[in-house]
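The next block holds one structure in the form of structure tokens; read it before the comments.
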Amino acid sequence: MACCCIIRASWPPPTTATTGAPTVTEGNRGYASEVTSSRAVPGAHPSGLDRPTAAPAVEEPVASPAGGPTLPGLVRRLLRGQSFSAWLLEVIRFCAVGGTAFVVDVGLFNLLRFGPGELLGEKPLTAKVLSVAVSVLVAWLGNRHWTFAGNKRDSRRRELTLFVAVNLGGMAIAVGCLAVSHYVLGLTSPLADNIAANGVGLVLGTAFRYVCYRYVVFTGDVGAGPPRPAPPGAARRRGRAPAARR
């Protein structure tokens with residue numbers, strides 16, 4: 001019995017207590033602190049090495065305003081932030097306003113010359129100048145308040161001046177087509193004159209007017225429409241009263 005007591009007393013202390021928890025000694029103190037730190041910081045590597053960095057996020061291509069396929073940069077700049085359907089609707093409105101102005105021009109010219117009283121029956125040039133002036137005014141009002149309503153300028157005088165200058169340029173294109181056809185090419189028949197002036201000249205002049213209206217005349221702020229709605233959380237953050245300091 002005495003021998004057993006002597007052997008038990010000289011035996012090294014156990015590393016595990018009766019509760020089952022590991023006992024920290026001088027030999028394993030560093031490893032225990034390393035394990036404890038890795039448990040305190042989630043995701044930390046026990047060896048102290050840096051975690052592998054995540055791959056950089058790939059930027060998504062910008063979709064078109066209508067949510068369709070991505071448009072090239074040049075097309076987006078030409079559309080000025082519009083979708084293709086919105087641009088097509090703008091072209092339809094432009095053609096409708098131009099057709100109305102054409103009817104006003106022709107109708108007023110014939111009314112002044114051959115209408116009741118024949119006010120300008122003997123003055124065809126004066127009648128034409130008046131009919132063109134009224135038709136240009138109708139076209140300006142229609143394009144300003146309907147076709148390009150979101151891009152109208154603040155200065156009406158400057159806008160109307162540019163509008164008249166553009167229409168003079170469109171008329172010069174039509175007259176130039178007629179002059180080339182009649183005097184340069186020698187096509188003097190009534191059909192050739194109408195094709196040159198009211199066919200080719202009208203198409204080129206209309207295209208010139210539209211491009212100038214869109215990029216020169218009506219270049220006001222696009223954001224003149226109703227303001228965009230605020231995010232849902234912004235209203236709650238603005239309406240929340242600041243917490244009182246204790």
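The values are calculated or read from the model by the stated rules, or taken from the named source; none is laboratory data. The structure displayed is predicted, hence computed values, not measured ones. Positions of Cβ are backbone-derived with ideal geometry, glycine not excepted, and every protein chain shown enters the neighbour counts.
Candidates in the range 137-155 are the residues that are outside any loop (DSSP other than H, G, I, E, B) and in contact with a Gly (Cβ under 8 Å, 6 or more places away or on another chain); of these, the one that is modelled with the highest pLDDT is 139.
For the range 148-158, filtering for residues that are in contact with a helix residue (DSSP H, G or I) (Cβ under 7 Å, 6 or more places away or on another chain) and of a type outside the set (Lys, Arg) leaves 3.
For the condition part of a loop (DSSP other than H, G, I, E, B), modelled with pLDDT under 55, surrounded by 10 or more Cβ atoms within 10 Å (Cβ to Cβ) and not assigned by TED's automatic domain parsing to the domain that holds residue 216, what is the one hit in 61, 69, 65?
On the way: 61 fails: surrounded by 10 or more Cβ atoms within 10 Å (Cβ to Cβ); 69 fails: surrounded by 10 or more Cβ atoms within 10 Å (Cβ to Cβ).
The unique qualifying residue is 65.
Scanning the range 139-155 for residues that are out of contact with any Asp or Glu (no Cβ under 9 Å at 6 or more places or on another chain) and closer than 16 Å to residue 167 by Cβ yields a count of 4.
For the range 135-176, a residue qualifies if it is more than 17 Å from residue 215 (Cα to Cα), of a type in the set (Val, Ile, Thr) and out of contact with any Leu (no Cβ under 6 Å at 6 or more places or on another chain), and the qualifying residues are 136, 138, 175. Against the list (1) surrounded by fewer than 17 Cβ atoms within 10 Å (Cβ to Cβ); (2) among the β-branched types (Val, Ile, Thr); (3) in the same structural domain as residue 206 (by TED's automatic domain parsing); (4) in contact with a helix residue (DSSP H, G or I) (Cβ under 9 Å, 6 or more places away or on another chain), the condition residue 161 fails is (4).
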